[in-house]
1. Just to be sure, is PHE192 over 30 Å from VAL135 (Cβ atoms) and surrounded by 13 or more Cβ atoms within 10 Å (Cβ to Cβ)?
2. Give me the residue from segment 89-107 that is open to solvent by less than 50 Å² (accessible area, probe 1.4 Å) and at pLDDT 70 or above and, out of that set, farthest from LEU20 (Cα to Cα).
3. Give segment 37-56 a look and list any residue that's open to solvent by 40 Å² or more (accessible area, probe 1.4 Å) and in contact (Cβ under 8 Å) with a residue 40 or more places away in the chain, or say none.
4. Could you please find all residues in segment 143-153 being part of a helix (DSSP H, G or I) and either open to solvent by less than 10 Å² (accessible area, probe 1.4 Å) or aliphatic (A, V, I, L, M) (or both)?
5. For segment 178-187, state whether one or more residues are part of a loop (DSSP other than H, G, I, E, B), at pLDDT below 90 and open to solvent by less than 70 Å² (accessible area, probe 1.4 Å).
6. Using beta carbons and a limit of 7 Å, which pairs, at least six apart or on different chains, have the first residue in segment 138-153 and under 12 Å from ILE119 (Cβ atoms) and the second one open to solvent by 10 Å² or more (accessible area, probe 1.4 Å) and not hydrophobic (A, V, I, L, M, F, W, C)?
7. Here's a check for you: in segment 154-177, which residue that is buried (at least 21 other Cβ atoms within 10 Å of the Cβ) and of a type in the set (Ser, Thr, Tyr) is nearest to ALA60 (Cα to Cα)?
8. Is it the case that LEU13 is at pLDDT 85 or above and either open to solvent by less than 60 Å² (accessible area, probe 1.4 Å) or farther than 25 Å from ILE144 by Cβ (or both)?
Amino acid sequence: MIRAFIFKEWLKLRWAFLGLSLLGLGFLVFINHSLYREFAAGPAVPIWQNLVERQVMFFAGIKYFGVLAGLVTALVQWLPDIPNRGLRLQLHLPFPQMQGMAIVVFCGALTMIFVCVQILFLLLVITQYYFPWPVVRAVGLTVIPWMLAGLPVYAMTGALLLDTSPVRKVVYGLIGWQMASLYLAGCGYAGFEGVLGLYGLMALLMLFAPFIPAERFKRGAL
């Protein structure tokens, strides 16, 4: 049964995974092309000046990629279950309901995390080709919170879609928006270096949000 759950989720998520991966690769190709043109055009001093003194982020184009990944993953995963009340069928299968819900959330979160990790890794590979290690490290510490923002967006979008109360939908949406804003609010390079562990823990804890409407759904309280 667990394998069936995982396979069902993969069937829903595979195209989202492929599409997000291709979109992220497109951003990275653009970033690499821009850096290549800048370094080929003349001396590197102005580039370093922009990087160090003006805190110009050459990778700013992927700032909202994590948010987009979380939103797309949640929509692709949960929307098919809403119109025909597919969630009710899932919660009445001969299988522990919350365990099934945990598998669903795990598959969605893992898909989003894997997409973001591969884009972050490739960005760091590009960065190390043009810059020394301190810059590579600063870029990584800057981008990690941007990618983590996708987890609360994924969780709250899922909870919003599963809940039928308009008031609670608004609440979930506001919480997701505020949490994403928190992760994206850093100024300059590595602004969240000292709290990355806390931010990562908060993002993981947000994944419990879809369980709330699922439990109400199971009890017929929605």
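1. Against the criterion (over 30 Å from VAL135 (Cβ atoms) and surrounded by 13 or more Cβ atoms within 10 Å (Cβ to Cβ)), PHE192 does not qualify.
2. Taking the candidates together, the pick is GLY100.
3. PHE39, GLN55
4. Within segment 143-153, VAL143, ILE144, PRO145, MET147, LEU148, GLY150, LEU151, PRO152, VAL153 qualify.
5. yes
6. From segment 138-153, the pairs are TRP146/LYS63.
7. Among them, the one singled out is TYR154.
8. Details: at pLDDT 85 or above: yes; either open to solvent by less than 60 Å² (accessible area, probe 1.4 Å) or farther than 25 Å from ILE144 by Cβ (or both): yes.
Yes: the conditions hold for LEU13.
The values are calculated or read from the model by the stated rules, or taken from the named source; none is laboratory data. What you are looking at is a predicted structure, and each value in this text was computed from that prediction instead of being measured. Heads up, the Cβs are rebuilt from the backbone with ideal geometry, glycines too, and the neighbour counts pull from every protein chain shown. With ligands, DNA and RNA removed, areas are computed over all heavy atoms of the protein, side chains included. Shrake-Rupley method; radii C 1.70, N 1.55, O 1.52, S 1.80 Å.
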